[in-house]
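Only one structure is covered here, and it is reproduced in the block below.
The values are calculated or read from the model by the stated rules, or taken from the named source; none is laboratory data. The structure displayed is predicted, hence computed values, not measured ones. Here the Cβ is made from the backbone with ideal geometry for all residues, glycine too, and neighbour counts use every protein chain on show. To get the accessible areas, we keep the full protein, side chains included, count just its heavy atoms, and leave off ligands, DNA and RNA. Shrake-Rupley method; radii C 1.70, N 1.55, O 1.52, S 1.80 Å.
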Amino acid sequence: MQKKVVQKEENTKSKSAEKQRNKPEFKTLAGLLWLPLMFFYEELLFHLFAFRGMAGEIVYPLLFALAIGTIGSVILTLCPEKVNRVLAIVFSVLSGIWYSAQLVYQHIFKTFLSIYSIGENGADAMEFYEQALRAIGAKILPILLFLLPLIALIVLLVKKWISFPKQNWKVSLGTLGAGVVLYVLFLLVLLIPGKEAHTPYDLYHNEFLMDLSMEKLGVLPSTGKDLKQILFGVEGDGDDVTFIEIPDSTPTPSPTPVPTFTPTPMPTVGPEPTREPDATPTPSPTPTPSPTPTPTPIDTSPNVLDIDFAGLAENESKKKIKNLHNYFANATPTNKNEYTGMFEGYNLIMLTAEGYSQWAVNEEITPTLYKMVHEGFYFENYYTPLWWTSTSDGEFVECTGLIPTGTNSFTKTADNYMPFGFGWIFGELGYSTRAYHNHTYSYYHRDQTHPNMGYDYKGLGNGLTVKKTWPESDLEMMEKTVSEYIGDEKFHTYYMTVSGHMDYNFTGNSMSAKNKSYVSHLDLSDEAKAYLACQKELDFALEYLLAELEAAGVADKTVIVLSGDHYPYGLEKEQIDELAGHEVEGNFELYKSHLVLYCPGMEPITVEKPCSAMDIVPTVLNLFGVEYDSRLFMGQDILSTATPLVMFSNQSYITDKVMYNSKTGEVTKLTDEELPEDYVKTVSSIVKNKFNVSATIITDDYYSYLKKELERLKSE
């Protein structure tokens, strides 16, 4: 009897112990909550340091962090405890590094890091490890805070206050269910602000814009979207595009006056004859009236090529390409105007200037730049938006008139058919076509992209021998290259400069140190002075170039076009405010700059129309009288009567009527007239269409589908 009682007690204890083992303990529960709480903490921290505040949209990143963290916790229930512990540590390490990397990258480049760009530019980035180390030093506090969960996890594991045991299927399924419920809640909350352009819903389900997505959705969903695009291509590009006109667009008048050129003065042979004071005036004969000359009519026909887009669409089976054919068939071209052919037959020198901005133009410090800005076409409202791969994307926009997609758009086109590259276009017109860069020739794969644009390309290490400093000298690049083309009958030369590159200081920037004496008297911070000092080297390069053109007798037959790649983001906002003399507005004014479009001897012409670097290609083609199809570019001829449209990477935009801020949804009217119905919504759709169309041109090699048509036109 006693034996049975003992056996019964043992059975009861065994069942109790088994029940206790199945009951989640505190440390096991802590293991299940580890990932969601860690992601919640790091999203909160990232938002605080990256955007310097906690806007109402913080709810989306935090809710997504809880959802994805809970779903991810299922992984930590499937394997033996030792494996799960290792996985928890790995997740904590990767998370801390990724959040830290995003913050450091934003500190340097004022945009965020794409996984794609790591593979493409990782090796190149090692050249700038010193800048990365300085940025890490500047962000050491948040980096330590991002790594705090890893330290805490190790302590908790050592103290055995947290565990990650293998769970039965009920616990795993329950954890997954909780994560799914949180994710569904996240999707429902996305609906609260609506589905309009640039809302969290739109950014998550439709248009992926890295910077906006980071701010409104957070690091985790943005990283997921980024990875998805790498694996499966850009979402929503050419699959669903339709042409939409800007509503009630009033044609913008062309700038006046019509430009004239000052002829080279003839030498004076002798003094002008004078009449004796007492001489009797000889009456002049009555002139015979001349017939009033008939003014030559201005050709205002559309700038198009005879491409049968409708026919191409009819015979195309691929949906994306078919949609683009239809899009261009319906797009409205810009027209020729009084400036068409103004520079026909002239030489062309184009420069993308590193870090150049309106604050680099100073009558005292950079007099050549000042002269070229104010004595050529003077663009009062010109912008150079910052894109995702800063310099390379800025260069891409200026050279192609297209909108970058994701990162490294120039690299993505390296194997594409690029018939509208200026190297090809001007080469077919009998010009020599060369391109130069005074830093490492292969950086950003320029050794592939620039020959693909039709250029005979040289850089440091590939035929251009300039002294290897950091950064290298623009003046020395000019001194080593001008003689290679200035004797050609007609030439087009492209330069990508580097002297204006950050960091802006007098210790690590050789160009700033070289030109320090020119700025030492200025009442500015050292960083602001260093910026002007390195831009002085660009000014010296242009001064040398103009002198050589003059000496060769071709100055008045050479057009120089210069734009920056991006604003000087190597300066802190306070230092930019210093240079500007006032607090600079951050969504639009920060990107305002000067475009140089200058030919010695021309009368200055002021252009008030809003415009951007994307408009350079069609504007130059029109000025040079080149036959081109204005529908195929995302920019437009600035000097045409087309309604202006300046687009930024976050799909903010400027027209002749409004400035639209996609971050806040704020609309600033630029006119007293009443806006057409749904004006902002319609223009937002136009901008989104252009982004998607440009993405397909890049990723699907769209121009190659026009190859037969273009070859037919050449043969005719």
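Listed by first and then second residue, the pairs with beta-carbon distance under 6 Å, at least 6 apart or on different chains, first residue in region 177-189 and farther than 18 Å from Tyr201 by Cα and open to solvent by 50 Å² or more (accessible area, probe 1.4 Å), second of a type outside the set (D, E, K, R) and in a helix (DSSP H, G or I), form an empty list.
The single condition among (1) in contact (Cβ under 8 Å) with a residue 40 or more places away in the chain; (2) surrounded by fewer than 17 Cβ atoms within 10 Å (Cβ to Cβ); (3) not hydroxyl-bearing (Ser, Thr, Tyr) that Leu173 does not satisfy is (1).
I want to confirm something. Restricting to region 310-346 and keeping residues that are touching a His at 6+ places or on another chain (Cβ under 7 Å) and touching a residue at least 60 places away in the same chain (Cβ under 8 Å), which single residue is farthest from Gly421 (Cα to Cα)? My answer is Glu316.
So, Trp161, is that one under 25 Å from Leu33 (Cα atoms), assigned to a loop (DSSP other than H, G, I, E, B) and of a type in the set (Phe, Trp, Tyr) or not? Judged against the criteria, Trp161 is a match. Selection of region 670-716 for residues being more than 29 Å from Thr400 (Cβ to Cβ) and loosely packed, with under 12 Cβ neighbours inside 10 Å yields Thr671, Asp672, Glu673, Glu674, Glu677, Asp678.
A quick yes/no check of all residues on (1) among the hydroxyl-bearing types (Ser, Thr, Tyr); (2) outside any helix (DSSP H, G or I); (3) touching a helix residue (DSSP H, G or I) at 6+ places or on another chain (Cβ under 7 Å); (4) modelled with pLDDT of 95 or more:
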site: Met38; (1), (2), (3), (4): no, no, yes, yes
site: Phe46; (1), (2), (3), (4): no, no, yes, yes
site: Gly53; (1), (2), (3), (4): no, yes, no, no
site: Leu62; (1), (2), (3), (4): no, no, yes, yes
site: Ser73; (1), (2), (3), (4): yes, no, yes, yes
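Answer yes or no as to whether Thr296 is surrounded by fewer than 19 Cβ atoms within 10 Å (Cβ to Cβ), under 17 Å from Leu632 (Cα atoms), of a type in the set (Val, Ile, Thr) and at pLDDT below 95. No; evaluated as a whole, the condition is false for this residue.
Of the residues in region 616-637, at least one is out of contact with any helix residue (DSSP H, G or I) (no Cβ under 9 Å at 6 or more places or on another chain) and open to solvent by less than 10 Å² (accessible area, probe 1.4 Å).
Residues in region 707-716 that are in contact with an Asp or Glu (Cβ under 9 Å, 6 or more places away or on another chain) and either not basic (Lys, Arg) or not in a helix (DSSP H, G or I) (or both): 3 in all.
All conditions but one from (1) within 21 Å of Thr77 (Cβ to Cβ); (2) in contact (Cβ under 8 Å) with a residue 40 or more places away in the chain; (3) open to solvent by 70 Å² or more (accessible area, probe 1.4 Å) apply to Arg134; the one that does not is (1). So, Pro600, is that one part of a loop (DSSP other than H, G, I, E, B), open to solvent by less than 40 Å² (accessible area, probe 1.4 Å) and within 22 Å of His492 (Cα to Cα) or not? Yes; evaluated as a whole, the condition is true for this residue. Could you check region 337-361 and list, in sequence order, the residues that are open to solvent by 10 Å² or more (accessible area, probe 1.4 Å) and either at pLDDT below 95 or β-branched (Val, Ile, Thr) (or both)? Thr340, Val361, listed by residue number.
Of the set (1) closer than 30 Å to Leu546 by Cα; (2) part of a strand (DSSP E or B), all apply to Met659 but (1).
Give the residues of region 190-221 that are in a loop (DSSP other than H, G, I, E, B), open to solvent by 50 Å² or more (accessible area, probe 1.4 Å) and not polar (S, T, N, Q), sorted by residue number.
Initially, region 190-221 is screened for residues in a loop (DSSP other than H, G, I, E, B), giving 191-199, 206-209, 217-218.
Now narrow it down to the ones that are open to solvent by 50 Å² or more (accessible area, probe 1.4 Å): 191-193, 195-196, 206.
Leu191, Ile192, Pro193, Lys195, Glu196 - these are the residues of region 190-221 that are in a loop (DSSP other than H, G, I, E, B), open to solvent by 50 Å² or more (accessible area, probe 1.4 Å) and not polar (S, T, N, Q).
For Tyr660, which of the numbered conditions (1) under 23 Å from Val683 (Cβ atoms); (2) open to solvent by 10 Å² or more (accessible area, probe 1.4 Å); (3) touching a residue at least 60 places away in the same chain (Cβ under 8 Å) fails to hold? Tyr660 satisfies every listed condition except (3). Here Thr682 fits the description: in contact with an Asp or Glu (Cβ under 9 Å, 6 or more places away or on another chain) and in contact (Cβ under 8 Å) with a residue 40 or more places away in the chain. Restricting to region 301-336, what's the tally of residues that are open to solvent by 50 Å² or more (accessible area, probe 1.4 Å) and not hydrophobic (A, V, I, L, M, F, W, C)? Here the count works out to 13.
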